[in-house]
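**Q** Sharing a structure below in structure tokens format, with a few things to ask.
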Amino acid sequence: MRGDVQKSAPKAVMPQKKPGRPKGSVNKNKKEVTLSPFQIQLQGCIRAALTLIGLDVDVIYFVYDGALGNNAGLQAIKQAGLHLICKLRCDSTLYFPYPGEYSGKGKPRKYGEKLTLETLTLEHLKEELLEKGIRTRVYQVQVWHKNFPELLNVVIIVKTNLTTGRTAKVLLFSDDLALASETVIDYYSLRFQIEFNFRDAKQYWGLEDFMNIKETQVGNAANFSLFMVTFSQILSTKMEGINRGSMLDLKTIFRARKYTRRIINSLGKNAEDFLIDDSIFQAAEIGRIHAKAA
């Protein structure tokens, strides 16, 4: 039978590995890393942006998502002359620095207790908030990661559902050990606004629709799209009744007003004399998300 054949088949002999490090192996300098093509390209973009900014703005930090949450990503940003603010995997293994004294023999011990939610203390707690049955605690620690050559400034955000007991956590980190936890969170939060700006530029201002192929034309189209994002955000804050950041409302209002003026002018009347107040605009602004007209 097939089962009997399998049992009687000779087993593969696995070579026995000797304990300890292989003979002749040496310590590797973790600061000397091989960058991926993406990281090399990113370095070039950072240096070009810093050259364009010049001395007008003192840029210190670079914020990115979890794609740079590794040692190679950190070294790539440090080589560009900036500090990194990024996110680690939520299951990353981190260690407190060893608190004991050096015994005088061998290499000093580097790693202490493993970082878990249970080993975090009130000394590490920076903020606590309770809202709608969700408790949010913010901790800050300086810890080791075995893939990084230096201590990391890590901010742990722990959210607990007090009804179900389920817990989720986010690990933000920076190589700047002096950076406060609230600053790390604020700076990382700005990354989402940048993504929203690109979303608006593509969705409303033609960033993904232009058909130019020459470098100057592409640059002009991209710059104009992003300029319109900034300009529209400034404009929306000055118009009463527009929800901040609502590009749909803003475009609907101006489109409605332009159509209204054209219709009135086509009837042989002066639109500026005819439009004594905004009541006619309110009737014309069909398609707004928010009900109140400007």
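The values are calculated or read from the model by the stated rules, or taken from the named source; none is laboratory data. On a predicted model such as this, the values are computed, not experimentally measured, just so you know. So basically every Cβ, Gly included, is an ideal-geometry build from the backbone, and we count neighbours across all protein chains shown.
**Q** Before we move on, is Arg109 part of a strand (DSSP E or B), farther than 24 Å from Phe38 by Cβ and either modelled with pLDDT under 95 or assigned by TED's automatic domain parsing to the domain that holds Thr51 (or both)? Even if it seems obvious, please write down each step before you answer.
**A** On the way: part of a strand (DSSP E or B): no; farther than 24 Å from Phe38 by Cβ: yes; either modelled with pLDDT under 95 or assigned by TED's automatic domain parsing to the domain that holds Thr51 (or both): yes.
No.
**Q** Another question, if that's okay. As an exercise: evaluate Leu177 against (1) surrounded by 14 or more Cβ atoms within 10 Å (Cβ to Cβ); (2) in contact with a strand residue (DSSP E or B) (Cβ under 7 Å, 6 or more places away or on another chain) and give the number of the one condition it does not meet.
**A** Every condition holds for Leu177 apart from (1).
**Q** Could you give every pair whose Cβ atoms fall below 7 Å, whose first residue belongs to the range 219-240 and is part of a helix (DSSP H, G or I), and whose second residue is basic (Lys, Arg), counting only separations of at least 6 or pairs across chains?
**A** Ser236/Arg244; Thr237/Arg244
**Q** If Thr216 satisfies every condition in (1) at pLDDT below 90; (2) loosely packed, with under 11 Cβ neighbours inside 10 Å but one, which is the exception?
**A** It fails just one condition, (1).
**Q** All but one of (1) part of a loop (DSSP other than H, G, I, E, B); (2) farther than 25 Å from Arg191 by Cβ hold for Asn147; which doesn't?
**A** (2)
**Q** Shifting gears a bit: Name the single residue that is nearest to the chain's Cα centre (by Cα) among those in the range 96-146 being under 26 Å from Ala168 (Cβ atoms) and small (Gly, Ala, Ser).
**A** It comes out as Gly133.
**Q** While we're here: Applying the selection to the range 66-124, what residues are among the polar types (S, T, N, Q) and without any contact (Cβ under 8 Å) to a residue 24 or more places away in the chain?
**A** Residues of the range 66-124 that are among the polar types (S, T, N, Q), as a first pass: 70-71, 75, 79, 92-93, 103, 116, 119, 121.
If the condition is that a residue be among the polar types (S, T, N, Q) and without any contact (Cβ under 8 Å) to a residue 24 or more places away in the chain, then Ser103, Thr116, Thr119, Thr121 are the ones that fit.
**Q** Same structure, new question: Name the one entry in Val154, Val170 that is in a strand (DSSP E or B), β-branched (Val, Ile, Thr) and buried (at least 20 other Cβ atoms within 10 Å of the Cβ).
**A** Values: Val170 fails: buried (at least 20 other Cβ atoms within 10 Å of the Cβ).
Checking each option against the conditions leaves just Val154.
**Q** Right, another one. Count, please, the residues in the range 105-115 that happen to be exposed (fewer than 14 other Cβ atoms within 10 Å of the Cβ) and in contact with a Leu (Cβ under 9 Å, 6 or more places away or on another chain).
**A** Number satisfying all stated conditions: 1.
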